[in-house]
């Protein structure tokens with residue numbers, strides 16, 4: 001009876017080792033290396049750059065490769081996907097939402113099998129507590145005859161703002177307003193929080209590290225752009 005138990009344990013041990021070395025899920029024995037992480041990623045308000053590499057033993061074994069991503073962990077090729085030609089990966093994923101956590105995985109397809117790398121989690125930048133340099137353009141023929149007004153605008157976490165005009169000296173002409181964000185579309189109310197009583201209402205789209213759009217004014221509408229200052 002003791003010999004039987006010993007034999008059974010030996011067979012079980014050998015089987016366990018055999019299963020742990022089974023590489024059927026990775027037929028080309030390739031490695032997917034992530035160089036990006038939540039601590040060293042390159043992110044803007046609407047994009048994140050993913051870096052990594054795919055190391056394989058047979059250069060002809062990969063039929064497709066790329067990056068997949070979603071707002072939940074373990075994205076697959078059934079989610080968002082960017083296909084690539086090179087095994088060296090340094091690609092910007094754009095058209096993302098502001099202040100949103102995303103999950104990415106590098107993948108490769110070998111002999112109709114999909115091999116995924118580990119999750120890379122990273123967030124786009126938040127508008128909260130950021131400071132921007134605004135350029136407000138009044139069209140030719142308007143009351144200001146094509147003038148551009150330069151200013152700084154602070155967007156605070158409590159959804160309030162501070163406008164400070166540069167041309168006449170900062171700290172001289174200041175207004176306090178509010179802001180809201182619908183995905184990447186910004187509404188900035190120059191005074192207070194009521195768009196019907198504010199002299200200006202700015203609306204625009206955030207893209208990368210810039211914002212641009214139009215504004216309303218009792219005399220004339222116009223356009224504006226903004227870039228992040230710090």
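The values are calculated or read from the model by the stated rules, or taken from the named source; none is laboratory data. Here the structure is a predicted model, which means the values were calculated and not measured. Cβ coordinates were reconstructed from backbone atoms using ideal geometry, including for glycine residues, and neighbour counts include every protein chain displayed.
Listing for the model above:
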| read-out | value |
| --- | --- |
| Residue count for segment 197-206, restricted to those that are in a loop (DSSP other than H, G, I, E, B) and crowded, with 20+ Cβ neighbours inside 10 Å | 1 |
| Any hit, segment 159-169, residues being farther than 22 Å from residue 218 by Cβ, surrounded by fewer than 16 Cβ atoms within 10 Å (Cβ to Cβ) and either at pLDDT below 90 or assigned by TED's automatic domain parsing to the domain that holds residue 74 (or both) | yes |
| Those residues of segment 126-150 which are over 16 Å from residue 203 (Cα atoms) and either in a strand (DSSP E or B) or modelled with pLDDT of 95 or more (or both), in sequence order | 126, 128, 129, 130, 131, 148, 149, 150 |
| Residue count for segment 171-196, restricted to those that are surrounded by 14 or more Cβ atoms within 10 Å (Cβ to Cβ), part of a strand (DSSP E or B) and over 28 Å from the mean Cα position of the chain (by Cα) | 2 |
| Matching residues, segment 92-123, being more than 10 Å from the chain's Cα centre (by Cα) and surrounded by 19 or more Cβ atoms within 10 Å (Cβ to Cβ) | 104, 105, 106, 107, 108, 110, 115, 117, 120 |
| Segment 209-220, residues that are outside any strand (DSSP E or B) and either surrounded by 14 or more Cβ atoms within 10 Å (Cβ to Cβ) or not assigned by TED's automatic domain parsing to the domain that holds residue 138 (or both) | 209, 217 |
